[in-house]
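Take a look at the structure set out below.
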Amino acid sequence: SRRITVHDIAAAKERGEKWPMLTAYDAMTASVFDEAGIPVMLVGDSMGNCHLGYETTVPVTLDEMAMLAAAVVRGTERALIVGDLPFGSYQEGPVQALRSATRLVKDAGVGAVKLEGGERSHGQIELLVQSGIPVMAHIGLTPQSVNAMGYRVQGRGEEAAQQLLRDAKAVQDAGAFAVVLELVPAELAAEVTRVLHIPTVGIGAGPQTDAQVLVYTDMVGLTGGKVPRFTKQYANLRQTLGDAAKAFAEEVVDGTFPQEEHTFH
Ligand code: KIV
Ligand code: NA
């Protein structure tokens, strides 16, 4: 079986089909999602918060991204794997973006890359696409700009809404095959989805986008502490893992593990 391509993604919008995307940061989890039929996986720089113990996505390096993206590619057969370009790996300009994206395509084997920014990232997207690298754009809340932007809903008010529409059109014009809309009002996300011919991928953007993405550790209840209101917890793996660890610890201490069936003579 072959991998999903950006052409399949374009065809889904023409047919009016919605699709799911999940983040993945390791081969094992990615293989589970691949077997579950998740068509697109994002090796998000959310690995900073969710996998590597950083407080934000800002410290994530291209080396870290390349290593975990390669693992996700190895763990999957069918899904389109999108690798995030980390902060500092494309802001200098199109040539730096191409060098970074080329590394993820050649060394990690991703089928596409994602980068943040609308009008401001037009040049980067254009050069990558001209060079044969499919690009997913990301506008609205862009976490790599947390120090300037904070974490709040974007595109509220007429002026901000017009800017978001300009950003959406700019990434489409530059050749992006899809665009993530993060934390924007549902009505505005619906309008962007109507206006664009490329698919929109919503997170905290209401029900009308062409696709939905969630950070998998939030989705399965692994994330400790507070999770954003836009996420939905479909399992409680934090509880399950913790219970398993406690049960193992108890059985070691009281001598009930290992039993005869676990033992060689
Ligand atoms: O890094 C990430 O997980 C993302 C998604 C939230 C879109 O960029
Ligand atoms: Na990201």
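With axes computed from alpha carbons, what is the tilt in degrees of helix 158-174 against the longest principal axis of the chain, rounded to the nearest 10 within 0 to 90?
Compared with the principal axis, the helix lies near 90 degrees.
For region 171-238 and region 1-80, what is the separation of their C-alpha centers, rounded to whole Å?
When both Cα centres are located, 14 Å separates them.
Using a Cα-Cα cut-off of under 16 Å, which aspartates and glutamates could be cross-linked to residue 13, ignoring same-chain neighbours fewer than 8 residues away?
The qualifying aspartates and glutamates are 191, 210.
Multiply the residue separation of residue 243 and residue 195 by 0.36 nm, subtract the distance between their alpha-carbon atoms, and state the gained length in nm to one decimal.
Here the answer is 12.5 nm.
Starting from the eigenvalues of the Cα gyration tensor, five times each then square-rooted, give me the equivalent ellipsoid semi-axes of region 133-183, largest first, whole Å.
20, 14, 7
List, in order, the whole-Hz ³J(HN,Hα) value for each residue of region 136-150 obtained from phi through the Karplus relation with A = 6.51, B = -1.76, C = 1.60 and θ = phi - 60°; use x for Gly and Pro.
9, 8, 8, 10, x, 6, 10, x, 5, 9, 4, 5, 9, 10, x
With the convex hull built on the Cα atoms of region 131-249, state its orientation-averaged projected area in nm².
Dividing the Cα hull surface by four gives the mean projection, 9.8 nm².
Going through region 1-64, which GluC sites (Glu not before Pro) have at most 15 other Cβ atoms within 10 Å and a DSSP loop state?
17, 55
In debye, nearest 20: dipole of region 196-251 around its Cα centre with unit charges on the Cβ of K, R (+) and D, E (-)?
Using only the charged Cβ atoms, the result is roughly 240 debye.
Which percent, nearest 5, of DSSP beta bridges in region 104-255 are antiparallel?
Around 0 percent of the beta bridges assigned by DSSP in region 104-255 are antiparallel ones.
Would you calculate the separation in nanometres between label points at residue 264 and residue 106, each defined as 7 Å from the Cα along the Cα-to-beta-carbon direction?
4.5 nm
Would you please give the FRET efficiency between residue 18 and residue 78, computed as 1/(1 + (r/R0)^6) with r the Cβ-Cβ distance and R0 = 22 Å, to the nearest 0.05?
Efficiency at R0 = 22 Å is approximately 0.75.
With a cap of 13 neighbouring Cβ atoms within 10 Å, and only residues DSSP puts in a loop, list the trypsin sites (Lys or Arg not before Pro) found in region 176-265.
Here the trypsin sites (Lys or Arg not before Pro) that fit, given the DSSP loop and packing criteria, are 226, 229, 232.
Kirkwood Rh, the chain, all Cα pairs: how many Å?
For the chain, the Kirkwood estimate is 19.3 Å.
So how strong a dipole does region 131-265 carry about its Cα centre when Lys and Arg Cβ are +1 and Asp and Glu Cβ are -1, to the nearest 20 debye?
The calculation lands at about 600 debye.
What percent does the relative contact order of the chain come to when contacts are Cα pairs within less than 8 Å and at least six residues apart?
Relative contact order comes out at 15 percent.
Report the chymotrypsin sites (Phe, Trp or Tyr not before Pro) located in region 158-265 that are in a DSSP loop and have at most 10 other Cβ atoms inside 10 Å of their Cβ, or state none.
Filter output for region 158-265: 264.
Can you bin region 1-153 into rounded, prolate or oblate? Criterion: square roots of the alpha carbon gyration tensor eigenvalues sorted a ≥ b ≥ c, rounded for a/c under 1.5, prolate for a/b above b/c, oblate for the rest.
rounded
Would you tally the net charge around residue 81, using a Cβ to Cβ cut-off of less than 12 Å, leaving residue 81 out, and scoring K and R as +1, D and E as -1?
+1
What's the magnitude of the charge dipole for region 51-156 around its Cα centre, counting Lys and Arg as +1 and Asp and Glu as -1 at the beta-carbon? Answer in Debye, nearest 20.
Value, rounded to 20: 180 debye.
Readers should treat all values here as calculations from the given coordinates under stated rules, not as data from a laboratory. Keep in mind the model is a prediction, meaning the values are calculated, not measured. When we count neighbours, we look across all protein chains shown, and the Cβ atoms used for this are built from the backbone with ideal geometry, even at glycine.
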